[in-house]
Each structure stands twice: as C-alpha cells, then as structure tokens.
Amino acid sequence: GEKVEQHESTLSVREGDSAVINCTYTDTASSYFPWYKQEAGKSLHFVIDIRSNVDRKQSQRLIVLLDKKAKRFSLHITATQPEDSAIYFCAASKGITGNTGKLIFGLGTTLQVQP
Amino acid sequence: DMKVTQMPRYLIKRMGENVLLECGQDMSHETMYWYRQDPGLGLQLIYISYDVDSNSEGDIPKGYRVSRKKREHFSLILDSAKTNQTSVYFCASSLGGGQDTQYFGPGTRLLVL
C-alpha cells in the first residue's frame, strides 16, 4: 500500500539557520501533502500543505516544495527559532476521486533548534 | 473556536477490562478519525467515520470498535483491553475527506496493566 517515508529521523540546527525535512511517497495518485507539528507532550497541529497543482508554497518562514516526478516533497523552515523545536510529520493523501479520507503519515522528524 | 476534545486524558486499566474513549468536536465536521501513536511507529489510523453510523476500518482496526451516533461525537471502544493496546490515542476531525485539514484532540494516554 501507500507509504510515506521521512528521511531524517532527527535534525539539529543552530538558531537562525534553515532546516529541511524531506519526504517521499509511493502512490502516484497522491495529490495532497500536509505537514503537522507536534511539540513535546502535546498534540499535532497543522502547519502547511501543498497540492499537486503547484510545486511551491510559502507561509511566512515555512516553504514546501513538491517534485512530482521524484515523488518527493520537503519542508523548509527558514530563520529557525527555538520554538520551532518539535516533531514534524509529513503526510500524503489521494485526490477527490477515489478519496477515502485517509492521510498516510511519515514517522516524524525531531527537529532541535540550538540557541 | 475550533476545538476537538478528548476524555479522559489519562487512563489506567487492567487487562481484560473494557475501555471507552470519547471524542467531541464543535465544528460540525463530517469526518472523524481515531489514531494511535507509538514510538517508532508514528500515527496509525484505527477507524475513520464519514458521518453518523458511517464508519470504516483504518489500518489497524483489530481489537477496537467505534460508535458515532451524533455528528459531533465519536467513541472508541476497546472490549477486553490488552497490554499491547497501551498507547496514546488521538482523535481528529476534518470538514470532509482527505484533502481537508485534520484538527487533532489533545490525546488520551492509556496504560493497560
């Protein structure tokens, strides 16, 4: 079945540097790619998403890139701050046609931003 | 204020006991989900509900059942809990299907002894 792989299980950066988290997916029918953030001991919350009709999306310090040919998408966090430290999950879902409502999640990347 | 609530937040049960986890949302979302999160396994979908009495198995439904009698409320039931069901359980809701943002509840930490 569909799989989503997160390449980095942990990532450590210095405050102010950029962080990049990479994910790949297997199902070519996937067309929706959200990212979720989970701070220590807390729940997940949505941070940004990208749909397959675009290859780049930015929201303040967050940039998502999508390479459909390589079946790869990535989250770029620029000018990192200590409060960016968290686990980040990528996910993938199919389009409206044949959509079952399921998100397939990666295993998560723990980002540590060192002051 | 968009909110997903879960009760209880912490629960300790003995093996063989029944467990009821409750989830509510105030956004009139059609779709609701139950996940469990375990170290090294990420989030695993247990059940998905598309509306009242319209439930579908997720990836790991064995040992669980669900009930959705009102759109705003979704329950997860463990009949005769097992120690390997010790986990953190998250409920989520979304307006519609897989391309809508999922809003997660705070989670329930379940320990089965």
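The values are calculated or read from the model by the stated rules, or taken from the named source; none is laboratory data. Here the structure is a predicted model, which means the values were calculated and not measured. Ligands, DNA and RNA are excluded from the accessible area calculation, which covers all protein heavy atoms including side chains. Shrake-Rupley method; radii C 1.70, N 1.55, O 1.52, S 1.80 Å.
Taking the 1.4 Å solvent-accessible surface of chain A as the whole, the part contributed by carbon and sulfur is 48%.
Of the residues making up the range B:24-45, those losing 50 Å² or more of accessible area when the isolated chain is joined by the remaining protein chains, with a 1.4 Å probe, are B:LEU43. For chain A, the per residue solvent-accessible surface stands at 50 Å², with DNA, RNA and ligands left out and a 1.4 Å probe.
Indicate the residues belonging to the range B:84-113 that lose 20 Å² or more of solvent-accessible heavy-atom surface (probe 1.4 Å) upon moving from the chain alone to the assembly of all protein chains, ignoring ligands and nucleic acids. The answer is B:PHE90, B:GLY98, B:GLN99, B:THR101, B:GLN102, B:PHE104 - residues whose exposure falls by at least 20 Å² when every protein chain is included.
Over chain B, average the accessible area per residue using a 1.4 Å probe and give it in Å², no decimals. Present the calculation step by step, with values, prior to reporting the outcome.
Working: 5450 Å² over 113 residues.
On a per-residue basis, chain B sits at 48 Å².
Show me you know the interface measure: the accessible area buried between B and A, both chains summed, probe 1.4 Å, in Å² to the nearest 100. Please report the intermediate quantities before stating the final value.
Values: alone 6310 and 6550 Å², together 11160 Å².
When B and A are taken together, about 1700 Å² of accessible area is lost.
Gyration tensor analysis over the Cα atoms of the protein assembly as shown returns equivalent ellipsoid semi-axes of 30, 21, 16 Å (largest first, whole Å).
Of B:TYR47, B:TYR10, A:TYR32, the order by accessible heavy-atom surface (1.4 Å probe, DNA, RNA and ligands excluded), from most exposed downward, is B:TYR10, B:TYR47, A:TYR32.
Which percent of the accessible area of the range B:31-113 is formed by carbon and sulfur heavy atoms (probe 1.4 angstrom)? Provide the component values of the computation, followed by the final result.
Working: 1750 of 3380 Å².
In the range B:31-113, the share of accessible area belonging to carbon and sulfur is 52 percent.
Checking the cross-link pairs A:LYS57/A:LYS102; A:LYS37/A:LYS69; A:LYS57/B:LYS3; A:LYS69/B:LYS62; A:LYS37/B:LYS69; A:LYS37/A:LYS71 against a 29 Å limit on the alpha carbon distance flags A:LYS69/B:LYS62; A:LYS37/B:LYS69 as lying beyond it. Counted over all Cα-Cα pairs of the range A:19-78, pairs farther apart than 16 Å make up 43 percent.
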